[in-house]
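Notes follow once the structure below has been shown.
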Amino acid sequence: MDIRRWGAAVGPVLAAAGLGGVGARNAPETYRRLVKPGWAPPAGAFGPVWSALYLGIGAAGWRLSRSASTTTKRLHLTQLALNAAWPVVFFSVRDKRSSLVVIALLDGALTAEIVRLRREDPGAAVLLLPYLAWTCFATALNAAVSDPADQAPPEVV
């Protein structure tokens, strides 16, 4: 086993998951408080979904660490950085507009990576498709929720 290749594939995924986890430390309380659409998943769905997605991202990273172009590898690291940034902006900073910008950039970087991987390593591209589906769903959810705590109290006259 090539330890450098393993580190290049798994290290960034673990870093994104770890940093995102720190940013999401207030997620249970915040998610419970949000006004959510009827199609929002229960809070307990996020952990299992992300665990499966990170496995796919790591497997794709393993494949692209061997054969992808430098540009594709940079896109992979960029989307992982955006992945780590989103929970910080949404749950810690609690800035819905900025979090929408971050997740839209994530969607774009991930789409660009998949498009490039379709030519370079179609198997790696397929591994990232569930992740893209989830981030697009998360983008719609991010846009649809509101936080009553962010509403200004009525002015007393």
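The figures follow:
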{"quantity": "Residue satisfying all of: in segment 112-157; small (Gly, Ala, Ser) and touching a helix residue (DSSP H, G or I) at 6+ places or on another chain (Cβ under 9 Å); modelled with the lowest pLDDT among these", "calculated": "Ala149"}
{"quantity": "Condition met for Arg25 (in a loop (DSSP other than H, G, I, E, B) and modelled with pLDDT of 90 or more)", "calculated": "yes"}
{"quantity": "Inter-residue pairs, beta-carbon under 9 Å, first of a type in the set (Phe, Trp, Tyr) and in segment 1-30, second assigned to a helix (DSSP H, G or I), 6+ apart", "calculated": "Trp6/Trp62; Trp6/Ser65"}
{"quantity": "Residues within segment 31-55 that are touching a residue at least 12 places away in the same chain (Cβ under 8 Å), surrounded by fewer than 18 Cβ atoms within 10 Å (Cβ to Cβ) and in a helix (DSSP H, G or I), tallied", "calculated": "5"}
{"quantity": "Verdict on Gly18 being out of contact with any helix residue (DSSP H, G or I) (no Cβ under 7 Å at 6 or more places or on another chain), modelled with pLDDT under 95, assigned to a helix (DSSP H, G or I) and not hydroxyl-bearing (Ser, Thr, Tyr)", "calculated": "yes"}
{"quantity": "Odd one out for Val89, checked against (1) among the β-branched types (Val, Ile, Thr); (2) closer than 27 Å to Leu117 by Cα; (3) buried (at least 17 other Cβ atoms within 10 Å of the Cβ)", "calculated": "(2)"}
{"quantity": "Tabulated pairs, segment 66-86, first modelled with pLDDT under 95, second outside any helix (DSSP H, G or I) and of a type outside the set (Ser, Thr, Tyr), C-beta under 7 angstrom, 6+ apart or interchain", "calculated": "Ser67/Asp121; Ala68/Asp121"}
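The rows are residues; the columns are (1) surrounded by fewer than 17 Cβ atoms within 10 Å (Cβ to Cβ); (2) within 12 Å of the chain's Cα centre (by Cα); (3) in a helix (DSSP H, G or I).
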site: Gly58; (1), (2), (3): no, no, yes
site: Leu64; (1), (2), (3): no, no, yes
site: Thr71; (1), (2), (3): yes, no, yes
site: Arg74; (1), (2), (3): yes, no, yes
site: Asn83; (1), (2), (3): no, yes, yes
site: Ala112; (1), (2), (3): yes, no, yes
site: Leu117; (1), (2), (3): no, no, yes
site: Ala124; (1), (2), (3): no, no, yes
site: Leu129; (1), (2), (3): yes, no, yes
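The values are calculated or read from the model by the stated rules, or taken from the named source; none is laboratory data. A quick note: this is a predicted structure, and the numbers were derived from the prediction, not measured. Methodologically, a virtual Cβ is constructed for each residue, glycine included, from the backbone with ideal geometry; neighbour enumeration extends over all protein chains shown.
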